[in-house]
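*Asks:* Please find one structure pasted underneath; my questions will follow.
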Amino acid sequence: MTRHELRTPRLSLRAWRDSDREPYAAMNADPEVMRWFPSTMSREQSDAGIDRFSAHHDEHGYTAWALEVLDSDRGAAPFVGFLGLVRPTFDPPFSHPVPCVEIGWRLARPWWGLGLATEAGSAALRFAFLEAGLPEVISFTVPPNIRSQAVMQRLGLRYDGVFAHPRATAGEWWGPHVLYRAAADDPPAPTDPSGRTHS
Ligand SMILES: CC(C)(COP(=O)(O)OP(=O)(O)OC[C@H]1O[C@@H](n2cnc3c(N)ncnc32)[C@H](O)[C@@H]1OP(=O)(O)O)[C@@H](O)C(=O)NCCC(=O)NCCS
């Protein structure tokens, strides 16, 4: 399968490289970045994540791409996080077309506040609907993760209620998740490549 890569004015959404392993593990060990996840990640867990994303890229042609900043107010950087399209590793407890494809993101702390997630997310959604022919893309997070929901809302995804994450046991704080959706036949409001909405 062709391994697609995407470009935006400031970013490359590219295949993972071995040189990403160290900065990816550092990002996953940062408690602020991982605040709304059950825990930070070890180097082994982080490496396993890269291996899964690379295998997904080979198998499906898209993935959670490694994000490289080509140019920004804070300069360039070969690796700042990931953003992309992945099939959840759990059986989703809500209605969905097959395949169920999630859009997700994680940026290293110094790269928040520049609109990079929204810019990359816009390109990934265009790819999902116009090139991959996916009927729907979903996104989810825990309710207090307001920054992530702000990205979903800027991208035009619509809130569709709460579900219990199947990997959480009853009563765990990270069990309840908010669900957002975007459908190809009712596409999200257009944004320009910088991620700003037109006024
Ligand atoms: C979720 C996450 C990716 C959001 O990052 P972010 O930087 O807030 O989101 P964006 O890249 O879209 O940037 C938006 C911000 O950049 C600002 N911005 C600056 N220049 C901009 C531009 N050219 N275009 C758009 N926005 C711009 C916006 O005003 C906004 O600022 P605000 O936070 O003060 O409102 C980040 O917080 C993160 O990685 N969190 C940890 C991992 C995580 O929780 N992932 C989701 C789990 S489901």
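None of the figures in this text is laboratory data; all of them are computed from the coordinates on show. Worth saying up front: this structure is predicted, and the values here are computed from it rather than measured. Note that we place each Cβ from the backbone using ideal geometry, even for glycine, and neighbour counts take in every protein chain shown.
*Asks:* Can you give me the number of residues within the stretch 118-156 that are in contact (Cβ under 8 Å) with a residue 60 or more places away in the chain and not aromatic (Phe, Trp, Tyr)?
*Replies:* Selection size over the stretch 118-156: 16.
*Asks:* Tell me yes or no: at least one residue of the stretch 43-60 is touching a residue at least 40 places away in the same chain (Cβ under 8 Å) and assigned to a loop (DSSP other than H, G, I, E, B).
*Replies:* no
*Asks:* Something else now. Taking the condition surrounded by fewer than 20 Cβ atoms within 10 Å (Cβ to Cβ), of a type outside the set (Asp, Glu) and over 23 Å from residue 12 (Cα atoms), does residue 132 pass?
*Replies:* no
*Asks:* Another question, then. Could you check the stretch 89-191 for strands (runs of 3 or more DSSP E) lying wholly inside it with 2 or more residues that are within 15 Å of the chain's Cα centre (by Cα)?
*Replies:* So the answer is 102-107, 136-141, 176-183.
*Asks:* Something else about it: Given the conditions (1) among the acidic types (Asp, Glu); (2) buried (at least 16 other Cβ atoms within 10 Å of the Cβ); (3) more than 22 Å from residue 128 (Cβ to Cβ), report the number of the one that residue 44 does not fulfil.
*Replies:* With respect to (1) among the acidic types (Asp, Glu); (2) buried (at least 16 other Cβ atoms within 10 Å of the Cβ); (3) more than 22 Å from residue 128 (Cβ to Cβ), residue 44 is out only on (2).
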